[in-house]
Amino acid sequence: MDFMEIIYTSEAPAPVGPYSQAVKAGDFLFIAGQIPIDPSTNAFVEGGVAEQTKMVLQNLSKIVEAAGGSLKNIVKTTVFMTDLSKFSEMNDVYATFFTENPPARAAIEVKKLPKNALVEIQAIAYLA
């Protein structure tokens, strides 16, 4: 498939199923949903929504960097949470990663996330 490139970095959690960390298609990078796994230990990060959001965004950052970009290249995120009443905790951490010109975003409450995570975030970046 000449139109796409698989992006992988050991600085983010390895996929645990039949998917890629990210796929670059043209100038766009589609980053798979990330949950709060510390890639150095392959363990689930301890703590609540704030700690989990920080780990997820660090993982997203490493993946976009592996493709030659930075968080500034992210144009859209989708945040999945098991409890939107904790949205402000996620949002406070999120704001420290996207300090200016933040990407478009959707936030969705779901019943359950992989490994019982409280937060999962997927992203789209533009790398031109």
Cβ pairs under 7 Å, 6+ apart or interchain, first in the range 93-117 and at pLDDT 95 or above and among the hydrophobic types (A, V, I, L, M, F, W, C), second loosely packed, with under 13 Cβ neighbours inside 10 Å and assigned to a loop (DSSP other than H, G, I, E, B), ordered by first then second residue, are none
Within the range 22-39, is there a residue that is polar (S, T, N, Q), in a strand (DSSP E or B) and under 14 Å from the mean Cα position of the chain (by Cα)? yes
When MET55 is run through (1) within 18 Å of VAL110 (Cβ to Cβ); (2) in contact with a strand residue (DSSP E or B) (Cβ under 7 Å, 6 or more places away or on another chain), the failure sits at (1)
Exactly one of ALA67, ALA128 is at pLDDT below 95 and among the small types (Gly, Ala, Ser), and that one is ALA128
Counting only residues in the range 40-50 that are in contact (Cβ under 8 Å) with a residue 12 or more places away in the chain and in a loop (DSSP other than H, G, I, E, B), the one surrounded by the fewest Cβ atoms within 10 Å (Cβ to Cβ) is identified as ASN42
When the range 68-92 is checked residue by residue, the ones that are without any contact (Cβ under 8 Å) to a residue 40 or more places away in the chain, surrounded by 15 or more Cβ atoms within 10 Å (Cβ to Cβ) and closer than 19 Å to LYS111 by Cα are MET81, THR82, LYS86, PHE87
In this structure, does THR53 turn out to be crowded, with 22+ Cβ neighbours inside 10 Å, touching an Asp or Glu at 6+ places or on another chain (Cβ under 8 Å) and not hydrophobic (A, V, I, L, M, F, W, C)? yes
Only one of (1) under 16 Å from SER61 (Cα atoms); (2) of a type in the set (A, V, I, L, M, F, W, C); (3) more than 13 Å from the chain's Cα centre (by Cα); (4) buried (at least 16 other Cβ atoms within 10 Å of the Cβ) does not apply to ALA95, and that is (4)
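The values are calculated or read from the model by the stated rules, or taken from the named source; none is laboratory data. Everything numeric in this text was worked out from a predicted model, so none of it was measured. Here the Cβ is made from the backbone with ideal geometry for all residues, glycine too, and neighbour counts use every protein chain on show.
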